[in-house]
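The values are calculated or read from the model by the stated rules, or taken from the named source; none is laboratory data. The structure displayed is predicted, hence computed values, not measured ones. Heads up, the Cβs are rebuilt from the backbone with ideal geometry, glycines too, and the neighbour counts pull from every protein chain shown.
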């Protein structure tokens, strides 16, 4: 399943408690991010124990374009995470549709 950048922005604007995981690399996150927890895709398996308490909660995964986060989504689902959404289009879509003024 996916979530659009507009849907995510609406939820962020409402200050909803969102489990947002950014699977990009550190340098990408430092260039621009929307406040998600940084866990680069290559390190996701090493961090899986720390995410165990989120297995039944909604998790939104994101990256630059939606490709790496799609892989993260499949990995998490294969490990029993029940409600994982991929940010459609990733940060590229965010910059194009929401703009960079919202980016931290």
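Here are the numbers:
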quantity: Residue 79 being touching a residue at least 24 places away in the same chain (Cβ under 8 Å) and under 26 Å from residue 6 (Cα atoms); calculated: no
quantity: Inter-residue pairs, beta-carbon under 6 Å, first touching a residue at least 40 places away in the same chain (Cβ under 8 Å) and at negative phi and in segment 1-20, second surrounded by fewer than 15 Cβ atoms within 10 Å (Cβ to Cβ) and outside any helix (DSSP H, G or I), 6+ apart; calculated: 19/57
quantity: Selection count, segment 21-35, where residues are farther than 14 Å from residue 66 by Cβ, at pLDDT 95 or above and not in a helix (DSSP H, G or I); calculated: 1
quantity: Pick from segment 29-62, criterion surrounded by 15 or more Cβ atoms within 10 Å (Cβ to Cβ) and in contact (Cβ under 8 Å) with a residue 60 or more places away in the chain, ranking: farthest from residue 88 (Cα to Cα); calculated: 32
quantity: Filter pass, residue 65 being under 20 Å from residue 2 (Cβ atoms), under 12 Å from the mean Cα position of the chain (by Cα) and assigned to a loop (DSSP other than H, G, I, E, B); calculated: yes
